[in-house]
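Inspection log for the structure reproduced underneath, given as C-alpha cells.
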Amino acid sequence: MEKENITKKLYIFLVILLAAAAAVSVQNGSLKRGQRRFNSYINDIGRSPDSPPYLSLHYRIRKAYFAVEPHEKNPIVFLGDSMTDEGDWAKLFPDKNVVNRGIGGDTTLGVLNRINQIIALKPPKIFLMIGTNDLCYNRSISDTVNNYDKILFLLHRNLPGTKVYVESVLPFNDDIFPSVYLRTNADIKLLNTYIRKLANKYNYPYLDITAPFTGNDGKLPSDETIDGLHLNKKGYNIWREQIQNYVYE
C-alpha cells in the first residue's frame, strides 16, 4: 500500500509539472510545442546511455500508474502508443467498461515489456495498434514483425478467451510531420501487410482502418490531425466509427 501511495504521489507531481509547462506554453501561444519540449526534457531524467528508447520517463510513469489505477474488472483494453494514449476511449464509448493502455512513444518492445499488466486484466477484448514508432527508431520491419509476433503469441497463450482486434498502423502526413528513419508511408503500408498475416496466424480479426485516414496522395488528411501524425477530434471520431461494431458485438 505504501508503495502504491508513493507511485500515485510521483505521478501527481509530474502531472502538476506538465500542467505548469502547458500553462506557460498557452501564454506563448505554443501549447503543443511547449508540451513536447518539456516532455522531451523530463523523459531524459534517470536514463542511462544504454536505456532502450521506449524506457522514457513518460513510459515508466504511465506503466507505474497503470499498476495502481482503479478500474472495473475485465475491461476492454485499448493498447498501443500515442495514437491510443491520446484517445479518450471512455468518452468515445461511455457505456462500455474500457481502459486506455496507450503510452506515447511506445513500440513493440515496450508493449512486450508490459504485456503482463495487460494479461492480468483478463480483458474480453483488446484493440491493438502498435508499430509506427519502431520505424521511427529505425527498427527494421523484420525485427518489428518479430516483436509483434511475440506479443500476439503471449496474448494467445495466456488469454485464450480474449478476442484481440489487430488494427492497421495509420499513415501520417510528412508534409506536416517530418519522416524519420524508416517511418515512411511506404514502410507503414508494408508493415501492415505483415501485421495482417500475423493476425491470420493467430486467428485474430484484422481491422484495416486505413482507408478513411488516407487521402488521394496516400497521406493522413490534414483535417484529421493536429500535427501530421496524431489525430484530432475528427480523427478519433472516425476511428470510433471504424471499430464500434466490434466494440459492441
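How far, in nm, would the chain grow between His156 and Thr193 when pulled straight, counting 0.36 nm per residue and subtracting the alpha carbon separation?
11.3 nm
Rounded to whole Å, give me the distance from the Cα center of segment 209-223 to that of segment 165-196.
Cα centres, segment 209-223 to segment 165-196: 11 Å.
Placing +1 at every Lys and Arg Cβ and -1 at every Asp and Glu Cβ, with all other atoms neutral, what dipole size does segment 52-209 have around its Cα centre, in debye to the nearest 20?
For this selection, approximately 680 debye.
For every other residue with a beta carbon closer than 14 angstrom to the beta carbon of Tyr181, add +1 if it is Lys or Arg and -1 if Asp or Glu, then tell me the sum.
Value of the local net charge: -2.
Which three extents, in angstrom, do the Cα atoms of segment 80-201 have along their principal axes, listed largest first?
Projected onto the principal axes, the Cα atoms of segment 80-201 cover 38, 32, 23 Å.
What's the extension gain from Ser222 to Thr184 if we count 0.36 nm per residue and subtract their Cα-Cα distance?
Full extension of this stretch gives 12.0 nm more.
Quote the Stokes-Einstein diffusion coefficient, in whole µm² s⁻¹, for segment 158-242, based on the Kirkwood radius over alpha carbon pairs, a temperature of 25 °C and a viscosity of 0.890 mPa s.
It diffuses with D of about 178 µm²/s by this estimate.
Within a Cβ distance under 14 Å of Ile141, other residues only, what is the Lys/Arg minus Asp/Glu net charge?
+1
How much net charge surrounds Asp95 when only other residues with a Cβ under 15 Å from its Cβ are counted (Lys, Arg +1; Asp, Glu -1)?
Cβ neighbours under 15 Å give a net charge of +1.
Students often forget the sequence filter, so: which aspartates and glutamates lie under 19 Å Cα-Cα from Lys201 once same-chain residues fewer than 8 apart are removed?
List returned: Asp143, Asp149, Glu167.
Values quoted throughout were computed directly from the atomic coordinates according to the rules given, and no laboratory measurement underlies them. Predicted model only: the values in this text are computed from it and were never measured. Please note: Cβ atoms are built from the backbone with ideal geometry, for glycine as well, and neighbour counts cover all protein chains shown.
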